[in-house]
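Asker: I'd like to ask you about the structure that follows.
What follows draws every value from the coordinates through simple rules; no lab data is involved. These numbers come from a predicted model, not from an experiment. We place every Cβ from the backbone using ideal geometry, glycine too, and count neighbours over all the protein chains shown.
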Amino acid sequence: MSHPVANREPAPAPQVGARFGGQALANFVAVYGLLVVFLLIMVIFGLLRPASFFSATNINTILVSQSVTAILALGEMIPLATKQFDLSIGYLLGMAQVLVVGLQVLQGLSWPEATAIILVLSLLAGFLNGALVTWFGIDSFIATMGTGTLFYGVTNWYSNGEQIGGMNLPTSFTNLTQIVYGIPLPALYVAVIAIILWIVTERLPIGRNLYVIGANVRAAELTGINVKRHVMGAFVASGLLSGFAGIVLGSVLQTGTPSVGPEYLLPAFAATLLGATSIKPGRVNVVGTLLSVLVLAFSFSGVQQLGAPFYVQYFFNGGILIVAVGLSVYATQRRRRAAAQPRTA
């Protein structure tokens, strides 16, 4: 007579390998998903339009035009690291772009003098945003929307709402955004800014402090971080980069156009938030932001070459922003759940 225990079938072994394999795949997609999307975009549109999509003219045009968006997105990334919004970046860019042309054409200043004035004004604009948020306790969304509207008013007052022609701009200024030895100079500016920001945010204590503030303000205060000083510095840096982006745009367009600034606000926000879903999921980061700019730029360029009308860009940017916000929230929640789970051997 057999023992009843002996007749029992052994329990199926837990699918440990499958579970960890699925987790590894999920982690890979979370970290490198945006890079995979970018490579797919390049392959698909490269196959559909090989002659035009990979042409030097198309690539250089994209790099020059999107460098302004990239600089603006990197500037927006800094206050967003502390969970503060800066909605004035597009308006500040527009003001800087009009002033850098107007101060040369109308006031007869040299481009280094005009640039110096604009950079000082940009620092003051960032300081104003930081003061409203840190000293007066105004919500960053409201404060920067208000200051942005003021900057837009200054732009239209200075230009009288009309375009300022740049026929008399010196070549030394317009050459700031030319292509040298096959490399667009604006792309070099983006690379330098990105390297500096990457070092600050990933290797220096001040950058880690920004992320700590964004994760938990109270915890940051308990660890001795001066929250107000860091938030103020984030807005000042954002203002400086926005002003510099306006100077670059002025050299590219070679005219002062008062209405151009706000058009850059949405793409910069979309790129920054979409970048928070990759490389460092759940928080804004330099590499993710640059990848997002490239994804948006090359995908829209490919769609245009397939015959899409110009207004598709607005649907494109709006849809990407909604998707980016949703993915950013999901990535943040996923990261928090992963951090809350106890580590097992």
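Asker: Considering Ala125, Ala116, which residue is surrounded by fewer than 18 Cβ atoms within 10 Å (Cβ to Cβ), within 15 Å of Phe244 (Cβ to Cβ) and either of a type outside the set (Val, Ile, Thr) or touching a strand residue (DSSP E or B) at 6+ places or on another chain (Cβ under 9 Å) (or both)? Lay out the reasoning, then the answer.
Answerer: Numbers: Ala125 fails: surrounded by fewer than 18 Cβ atoms within 10 Å (Cβ to Cβ).
Only one candidate qualifies: Ala116.
Asker: Another one. Restricting to segment 81-108, and then to whatever is among the small types (Gly, Ala, Ser) and within 30 Å of Val231 (Cβ to Cβ), can you tell me which residue is farthest from the chain's Cα centre (by Cα)?
Answerer: Of the residues in segment 81-108, the ones among the small types (Gly, Ala, Ser) are 81, 88, 90, 94, 96, 102, 108.
After this cut, where a residue has to be within 30 Å of Val231 (Cβ to Cβ) as well, the list is 81, 88, 90, 94, 96.
On the way: Ala81: 11, Ser88: 14, Gly90: 12, Gly94: 17, Ala96: 19 Å.
Only one residue tops the list, namely Ala96.
Asker: Just a yes or no: is a residue in segment 216-224 among the acidic types (Asp, Glu) and farther than 22 Å from Gly282 by Cβ? So that I can check it myself, show each step before the final result.
Answerer: We begin by selecting, within segment 216-224, every residue among the acidic types (Asp, Glu); these are 221.
With farther than 22 Å from Gly282 by Cβ added as a condition, the list becomes none.
No, there is no match, as no residue in segment 216-224 is among the acidic types (Asp, Glu) and farther than 22 Å from Gly282 by Cβ.
Asker: Still on this model: Please enumerate the residues belonging to segment 46-61 that are in a helix (DSSP H, G or I) and either surrounded by 12 or more Cβ atoms within 10 Å (Cβ to Cβ) or of a type in the set (A, V, I, L, M) (or both). Lay out the reasoning, then the answer.
Answerer: Filtering segment 46-61 for residues in a helix (DSSP H, G or I) gives 46-48, 50-53, 56-61.
Selection gives Gly46, Leu47, Leu48, Ala51, Ser52, Phe53, Ala56, Asn58, Ile59, Asn60, Thr61.
Asker: Evaluate segment 157-175: report whether one residue or more is under 18 Å from Pro258 (Cα atoms), surrounded by 15 or more Cβ atoms within 10 Å (Cβ to Cβ) and among the polar types (S, T, N, Q). Explain how you work it out, then say what you get.
Answerer: Of segment 157-175, the ones under 18 Å from Pro258 (Cα atoms) are 157-167, 169.
Among the residues that remain, those that are also surrounded by 15 or more Cβ atoms within 10 Å (Cβ to Cβ) are: 158-159, 163-164, 166, 169.
So of that shortlist, the ones also among the polar types (S, T, N, Q) come out as 159, 163.
Checked against the condition, which is being under 18 Å from Pro258 (Cα atoms), surrounded by 15 or more Cβ atoms within 10 Å (Cβ to Cβ) and among the polar types (S, T, N, Q), segment 157-175 yields at least one hit.
Asker: Take segment 62-94 and flag every residue that is touching a Phe, Trp or Tyr at 6+ places or on another chain (Cβ under 9 Å), assigned to a loop (DSSP other than H, G, I, E, B) and either more than 30 Å from Leu121 (Cα to Cα) or touching a residue at least 60 places away in the same chain (Cβ under 8 Å) (or both).
Answerer: Those that are touching a Phe, Trp or Tyr at 6+ places or on another chain (Cβ under 9 Å), assigned to a loop (DSSP other than H, G, I, E, B) and either more than 30 Å from Leu121 (Cα to Cα) or touching a residue at least 60 places away in the same chain (Cβ under 8 Å) (or both): Thr82, Gln84, Asp86, Leu87, Ser88.
Asker: Only one residue in Leu210, Leu204 is crowded, with 19+ Cβ neighbours inside 10 Å and of a type outside the set (D, E, K, R). Which one?
Answerer: Values: Leu204 fails: crowded, with 19+ Cβ neighbours inside 10 Å.
Only one candidate qualifies: Leu210.
Asker: Within the group Thr277, Thr272, which residue is in contact with an Asp or Glu (Cβ under 6 Å, 6 or more places away or on another chain) and farther than 28 Å from Asn175 by Cα? Lay out the reasoning, then the answer.
Answerer: Details: Thr277 fails: in contact with an Asp or Glu (Cβ under 6 Å, 6 or more places away or on another chain).
Going through Thr277, Thr272 in turn, just one is in contact with an Asp or Glu (Cβ under 6 Å, 6 or more places away or on another chain) and farther than 28 Å from Asn175 by Cα: Thr272.
Asker: Yes or no: segment 70-78 includes at least one residue that is under 23 Å from Trp157 (Cα atoms) and charged (D, E, K, R).
Answerer: Initial filter on segment 70-78 (under 23 Å from Trp157 (Cα atoms)): none.
No: zero hits.
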